[in-house]
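**Q** The structure's right below; bear with me while I get my questions together.
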Amino acid sequence: FTQVTVAKAAFSPSSVNVKKGEKVALAFYRADAENCGSEVVFAKQKITKKLPVGDTVLVEFTPTEAGEIAFACGMH
């Protein structure tokens with residue numbers, strides 16, 4: 001899996017390159033509440049996950065097309 005850190009300014013990394021048909025596993029870690037990252041949204045995949053402070057939340061899916069998968073906080 002790929003670790004994604006939720007920081008004050010943004011997600012790091014802010015995007016992940018994927019291959020069509022290969023399962024993607026992203027582990028989101030939100031260290032503190034000093035950001036708008038209370039949830040992560042993958043609009044194209046119709047996935048929304050809550051990101052509690054101090055927890056790691058795993059997001060898994062299999063993309064139907066190759067390329068870059070964008071994600072954002074709940075406020076985009």
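Just so you know, all these numbers are worked out from the coordinates, no wet-lab data involved. Since this is a predicted model, take the numbers as computed values, not measurements. Glycine gets a Cβ as well: all are built from the backbone with ideal geometry, and neighbour counts include every protein chain shown.
**Q** Here are labelled values, [x] 73; [y] 102; [z] 137, and one is the computed volume of the Cα convex hull per residue in Å³ for what I pasted. Which one?
**A** From the options [x] 73; [y] 102; [z] 137, the structure gives [x].
**Q** Cut-off under 22 Å on the C-alpha distance; same-chain residues fewer than 8 positions from Lys50 excluded. Which lysines are left, in chain and number order?
**A** Counting by Cα, and skipping residues close in sequence, Lys50 has these lysines nearby: Lys8, Lys23.
**Q** Loop-only GluC sites (Glu not before Pro) in the chain, please: DSSP not H, G, I, E or B, and at most 14 other Cβ atoms within 10 Å.
**A** Numbers: sites: Glu22, Glu34, Glu39, Glu60, Glu65, Glu68; in loops: Glu22, Glu34, Glu65.
Sparse-neighbourhood loop GluC sites (Glu not before Pro): Glu22, Glu34, Glu65.
**Q** Once phi is turned into θ = phi - 60°, what whole-Hz ³J(HN,Hα) does the Karplus curve with 6.51, -1.76 and 1.60 give for every residue of the range 66-71, x standing for Gly and Pro?
**A** 7, x, 9, 9, 8, 9
**Q** Taking the Cα centre of the chain as the origin, how large is its charge dipole in debye, to the nearest 20, when only Lys and Arg (+1) and Asp and Glu (-1) carry charge on their Cβ atoms? Provide the component values of the computation, followed by the final result.
**A** Details: 9 positive and 8 negative charges, 38 e Å.
For the chain, the charge dipole is close to 180 debye.
**Q** Right, another one. Test of understanding: extend the Cα→C-beta vector of Ala72 to 7 Å, then name every residue of the range 31-54 with backbone N under 18 Å from that spot.
**A** 35-51
**Q** HN-Hα J couplings of the range 43-59 from phi, Karplus 6.51/-1.76/1.60, θ = phi - 60°, integer Hz, Gly and Pro as x?
**A** So the Karplus estimates, Gly and Pro as x, are 4, 5, 8, 6, 10, 9, 10, 6, 10, x, 4, x, 10, 9, 10, 8, 10 Hz.
**Q** Mind checking the range 1-66 for trypsin sites (Lys or Arg not before Pro) that DSSP puts in a loop (not H, G, I, E or B) and that have at most 10 other Cβ atoms within 10 Å?
**A** Here the sparse-neighbourhood loop sites are Lys8, Lys20, Lys46.
**Q** Could you check the simple spin-label distance between Phe61 and Thr2, using points 7 Å along Cα→Cβ, in nm with one decimal?
**A** Placing both labels 7 Å along Cα→Cβ, they lie 1.3 nm apart.
**Q** Work out the FRET efficiency for Val53 and Ser14 from their Cβ-Cβ distance, taking R0 = 22 Å, and round it to the nearest 0.05.
**A** 0.65
**Q** Amide H neighbours of Val16 under 5 Å, counting only residues 5+ apart in sequence or on other chains, H built in-plane at 1.01 Å?
**A** Ile69
**Q** Here is a further query. Please name whichever of Asn35, Gln45, Thr5 sits farthest to the positive end of the charge dipole of the chain, dipole taken about the Cα centre and charges placed at Cβ: Lys and Arg +1, Asp and Glu -1.
**A** So the residue we want is Gln45.
**Q** So, one more: Can you list the HN-Hα couplings for the range 21-38, worked out from phi with the Karplus curve (6.51, -1.76, 1.60; θ = phi - 60°), rounded to whole Hz and with x for Gly and Pro?
**A** x, 9, 4, 10, 10, 10, 9, 8, 10, 10, 6, 8, 8, 7, 7, 9, x, 6
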